[in-house]
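Chemist: There's a structure below that I have some questions on.
No lab work stands behind these numbers, since they all come straight from the coordinates. Remember, predicted model here, so these are calculated numbers, not experimental data. Positions of Cβ are backbone-derived with ideal geometry, glycine not excepted, and every protein chain shown enters the neighbour counts.
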Amino acid sequence: DAGVTQSPTHLIKTRGQQVTLRCSPKSGHDTVSWYQQALGQGPQFIFQYYEEEERQRGNFPDRFSGHQFPNYSSELNVNALLLGDSALYLCASSLAGEIRQPQHFGDGTRLSIL
Amino acid sequence: QKEVEQDPGPLSVPEGAIVSLNCTYSNSAFQYFMWYRQYSRKGPELLMYTYSSGNKEDGRFTAQVDKSSKYISLFIRDSQPSDSATYLCAMSAEYSSASKIIFGSGTRLSIRP
C-alpha cells in the first residue's frame with residue numbers, strides 16, 4: 001500500500017522563478033493538504049484540496065496556488081519565488097469525512113532559493 | 001502569541017531515561033491532539049492522537065491532555081537511541097481527519113547510548 005509520495009525530493013531555484021511541486025495521496029484518500037516547514041520550525045498549513053477545489057487556506061499570499069486532479073493527486077505552484085520561500089514542502093492526505101483518523105504525510109520536497 | 005507553544009530543546013538524555021515533552025496552546029477550540037515524530041530529511045510520522053482530556057498509552061508512549069490548563073504532554077519510557085528525532089505536537093479544532101492542523105515548532109530529542 002503506497003503512502004503519500006512527493007516529487008521532486010529536492011529542487012533549487014532562483015529568486016523570481018516559478019516552481020511546481022507534486023503529490024500523490026495515499027491509496028484511498030481523496031483530500032490533500034499542503035504545508036510549509038521552514039528550518040527549525042513546525043509545518044504551517046498552506047491550503048487543502050478536495051473534489052478539485054480549494055477548501056481551506058492558511059495565511060499565505062496568492063503567489064501560492066494549487067490544483068487537484070480527478071485522480072486526487074495535487075500540485076503546489078509558487079510564483080515569483082523569494083528567498084524566504086526556501087523550506088520543506090509537505091503534502092498530507094486524508095479521507096474526507098473520516099472521523100478521528102490522522103492525516104498521513106509524505107517526506108516532502110526541499111526547495112532552496114538562491 | 002503563537003497558538004501553540006513548544007519547548008524547542010534540544011533535549012539530551014541517557015538511554016533508558018523517561019522523557020517528557022510538552023506543549024501549551026491558547027485556542028480553546030482545539031479538540032484533537034496529536035504527536036508526530038520527524039527524523040532528519042523525512043516527513044512527520046504520527047505517533048499518537050487523542051481527542052479528550054486524560055491519558056492515552058501505546059507501548060512506551062503516553063500522551064496526556066489537560067484541556068482546562070491547555071497543556072499537552074508526551075512521555076517516552078525506556079528511551080532508546082532510535083527515539084532520537086524531532087517531536088512535533090499538533091492540534092486541530094475539528095475531529096475530521098481533513099481538518100487544518102496547527103503544529104508546534106518541535107523539540108529536538110537526542111538519546112545518548
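Chemist: Taking only the C-alpha atoms, wrap a convex hull around the protein assembly as shown and report its volume per residue in Å³ as a whole number. Can you show the working numbers first?
Modeler: Working: hull volume 28.4 nm³, N = 227.
Cα convex hull per residue, to the nearest whole number: 125 Å³.
Chemist: Hey, how many Å between the Cα centroid of the stretch A:36-114 and the Cα centroid of the stretch B:12-70?
Modeler: Between the Cα centres of the stretch A:36-114 and the stretch B:12-70 lies a distance of 23 Å.
Chemist: A further question follows. In whole Hz and in residue order, list the ³J(HN,Hα) couplings for the stretch B:15-31 that follow from phi through the Karplus curve 6.51 cos²θ - 1.76 cosθ + 1.60, θ = phi - 60°; x for Gly and Pro.
Modeler: 3J(HN,Hα) across the stretch B:15-31, in whole Hz: 3, x, 6, 8, 10, 10, 10, 9, 9, 10, 9, 10, 8, 5, 6, 5, 10.
Chemist: Further question: Cut-off is 10 Å between beta-carbons; in what order do B:75, B:103 appear when sorted fewest neighbours first?
Modeler: B:75, B:103
Chemist: Amide H of residue A:56 versus every other amide H placed in the peptide plane: which residues, excluding those fewer than 5 positions away on the same chain, fall under 5 Å?
Modeler: Answer set, sorted by chain and number: A:48.
Chemist: Hey, another quick one. Give the dimensionless ratio obtained when the Cα radius of gyration of the stretch A:51-113 is divided by 2.2 N^0.38 Å. Each step should come with its number before you reach the end.
Modeler: Details: Rg = 13.3 Å, N = 63, 2.2 N^0.38 = 10.6 Å.
The stretch A:51-113 yields a ratio of 1.25.
Chemist: How high is the FRET efficiency between residue A:59 and residue B:15 when r is their beta carbon distance and R₀ equals 45 Å, given to the nearest 0.05?
Modeler: With R0 = 45 Å, the Cβ-Cβ based efficiency is 0.65.
Chemist: How large is the Kirkwood hydrodynamic radius of chain B, counting all unique pairs of alpha carbons, in Å?
Modeler: Values: mean 1/r = 0.0709 Å⁻¹.
Evaluated on chain B, it is 14.1 Å.
Chemist: Which ³J(HN,Hα) values, rounded to whole Hz and listed in residue order, are derived for the stretch B:41-51 from phi using the Karplus coefficients 6.51, -1.76 and 1.60 in 6.51 cos²θ - 1.76 cosθ + 1.60 with θ = phi - 60°, glycine and proline given as x?
Modeler: So the J values, rounded to whole Hz, are 6, 10, x, x, 10, 5, 9, 8, 9, 8, 10.
Chemist: Extent of chain A along each principal axis, from alpha carbon coordinates, in Å, largest to smallest?
Modeler: Dimensions of chain A along the principal axes of its Cα atoms: 40, 24, 24 Å.
Chemist: Normalised by the residues of chain B, what does the relative contact order come to in percent, with Cα pairs under 8 Å and at least six apart?
Modeler: 37
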